[in-house]
Amino acid sequence: MRDEFIRTLTDIAKNNRNVMLITGDLGFGVLTKFWTELPAQFVNAGVAEQNMTGLAAGMALEGKTVFTYSIANFPTLRCLEQIRNDACYHGAAVKIVAIGGGFAYGSLGITHHATEDIAIMRALPDITVVAPGDPVEVAAATRAICKLPGTCYLRLGRGGEPHVHQGEIQFTVGKAIRLFTGSDIAIIATGGILKQAVDAREALKAAGLDVALYSMHTVKPLDREAIAEAARTAKLIVTVEEHSVVGGLGGAVAETLAQLPGAKAILKIIGLEAGFSSVVGDQDYLRGIYGLSAKSIVRSVMQTWKII
Amino acid sequence: MDTRELALKIRRHAVTMTHLGKSSHVGAVLSMADIVAVLYGRVLAVKPDEPHWPDRDRFILSKGHAGAGVYAALAERGFFPVDQLKLHYANGSKLSGHVSHKGIPGVELSTGSLGHGLSVGTGMAYATRLDGRKHRVFVLMSDGECDEGSNWEAIMFAAHHRLANLVAVIDYNKIQSLAPVEETLRLEPFADKWRAFGWRVVEADGHDHKALAAALAAPAAATDAPTCVIAHTTKGKGVSFMENSVLWHYRTPQGEEYERAMAELGGPADA
């Protein structure tokens, strides 16, 4: 995902000298292309995320579109107030990019697990929150947020995420992509866990269930129409995210669903249930431990399906 | 514009605004009134009838709690009508206690949480230089605010990138929210710290307009360093019983105290 992001951003920035990239001293080997080809549009702010975000707001207020780049919680939680006051409140075109959403940096330990970022970022006013599901969505999302006014958060995986979409996609910020229709269950996934959701859907289909699947790449603003459609057509809505079950995609869908007139669908939120992960392991291993592998998603969905 | 007259008006407005709003921070406004008067009366290139004029000098009040002083200066410079100042702190008003840009022509940045202004100003200075534009960026900070680590990130960055178009001005009144700076987190040797970080430092009496004008003017000799103007000030300056007092960081002037303050500032009360 990160390679697709930087490839796309370099492409955009070559044609628009007002597009800037600031890193908080991370991106070894990844940012080289941008750095060498567009040195005037590249800044390494050093290990100083608060200043990085304040700088970005200042540059944006002078007409730049500024991407801030770091990993895990550094470009978000470490400088949350700069994002809130300096960027969002001023409608500044600051585009915050976090590499390593969820357990992408699993083995590095809890400092590097970005597992509450969606909840915290989407609680801010005047921000767009996007978590693309695969590299194809990453490229489209990068182009889309670059054109959007104001502050955006782009939550990416790391590297090597599989392609879910084959070929062109219709990508609009705030509009979910429906990959499959289905009348029993609707799975709504956000971020790099999309592939596990696709695999889980296959398994559920093999078990005789008719399952819809949405990639909810934009968590804010949330696509209420897609949720209303899912609530109309399916009996069970399942949200899947590599993130805490508190306040993320599941929370956002719950807020919408609970206020939807006449909605009958039951909601199951699949995500990280409680506490910090102190288990050491890579992304796949931790997904397995915490119920986010395709297999665990299937098990969890079946359990809920049986009791409704 | 006569900066002495402007400073007196800022002080009188600030005392009346904090009186009407029953609000805090009058000591912080009185402390910086001369700095703000010299900036808006003499140094800053701004056009009150064209607040977004692209070539204007940028001014950020990072010590946002002293917003009343900037509102007063902007109103006196003609950015908006002076009679709006009485709405400071009022329900439904745009003039919040901490300086806000929303709906107030001339305010570049909303602040109030300390340690934000210098980073944003540094970003503005960086982008400005990149685009080959010539205006300067001024950030007015408090001394207590220098406790915030984010400032030191910006201080390193601005010097590293040789942002000579950036000016940090410190309202160094040596009193912060609860106690003197010296008893809270020592800043001294303060000027040496800025110099060690690579800044050009100018110290001035923060109530001497001639000294301030010289310190805030573009440097005579070519330099590639950002400038820090350490303005030595007296908190509560101009009202004898507010001077050098921690109390008047928070206390609001009411009753006889309001009358006395206005009398000391050249005449009877406005409100």
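Put the Cα centre of region B:170-237 next to the Cα centre of region A:58-86 and the gap is 28 Å. The residues neighbouring A:Gln196, those whose beta-carbon lies less than 12 Å from its own, together hold a net charge of -3 under the Lys/Arg +1, Asp/Glu -1 convention. What's the Kirkwood radius of region B:130-217 in Å, using all Cα pairs? Its Kirkwood hydrodynamic radius stands at 14.2 Å.
Computed from Cα positions, the angle between helix B:67-77 and the longest principal axis of chain B comes to roughly 90 degrees.
Scan chain A and note any complete DSSP helix (H) whose C-alpha atoms cover at least 30 Å along its axis and whose Kyte-Doolittle average is 1.0 or more.
Sorted by number, there is nothing, because no helix extends far enough and scores high enough.
Computed per residue of the protein assembly as shown from DSSP H runs no shorter than four, each worth -39500 (n - 2.57), the mean residue ellipticity at 222 nm is -10500 deg cm²/dmol. Counted over chain A with a bin width of 10 Å, the fraction of Cα pairs per bin, in whole percents, is 7, 29, 35, 21, 7, 1. Is region A:143-227 rounded, prolate or oblate when judged by the Cα gyration tensor, a ≥ b ≥ c being the square roots of its eigenvalues, rounded requiring a/c under 1.5 and prolate requiring a/b larger than b/c? Prolate, because a/c is 1.5 or more and a/b exceeds b/c. Listed by chain and number, the lysines whose alpha-carbon sits under 25 Å from that of A:Lys306, ignoring those within fewer than 8 places in the same chain, are A:Lys195, A:Lys205, A:Lys235, A:Lys264, A:Lys268, A:Lys295. Semi-axis lengths, largest first, of the ellipsoid equivalent to the protein assembly as shown are 51, 26, 20 Å, with √(5λ) applied to each eigenvalue of the Cα gyration tensor. When only Cα pairs below 8 angstrom with a gap of at least 6 residues are kept, chain A shows a relative contact order of 16 percent. Restricting the calculation to Cα atoms, every distinct pair contributes to the Kirkwood radius of region A:2-155, found to be 15.0 Å.
What does the charge count around B:Ala164 come to, taking other residues whose C-beta lies under 10 Å from its C-beta (Lys +1, Arg +1, Asp -1, Glu -1)? Overall, the nearby charge balance is +3.
Here the simple spin-label model places points 7 Å from the Cα toward Cβ, and for B:Asp205 and B:Asp2 these points are separated by 2.0 nm. Across all directions, the shadow cast by the convex hull of region A:166-308 built on its C-alpha atoms averages 8.7 square nanometres.
Sites counted here are trypsin sites (Lys or Arg not before Pro) in a DSSP loop (not H, G, I, E or B) having no more than 13 other Cβ atoms within 10 Å; the longest part of chain A that contains none of them is A:18-263. Mind jotting down the distance between the C-alpha centroids of region A:89-131 and region B:145-168, whole Å? Spelled out, the Cα-based centre of one part sits 26 Å from the other. With K and R counted +1 and D and E -1, the other residues having a Cβ less than 12 Å from that of A:Ala231 yield a net charge of +2.
Computed from the coordinates by the stated procedures, all read-outs in this text should not be read as laboratory data. All values reported here derive from a predicted model rather than from experimental measurement. Reconstructed Cβ throughout: ideal geometry from the backbone, glycine too, with neighbour counts over all protein chains shown.
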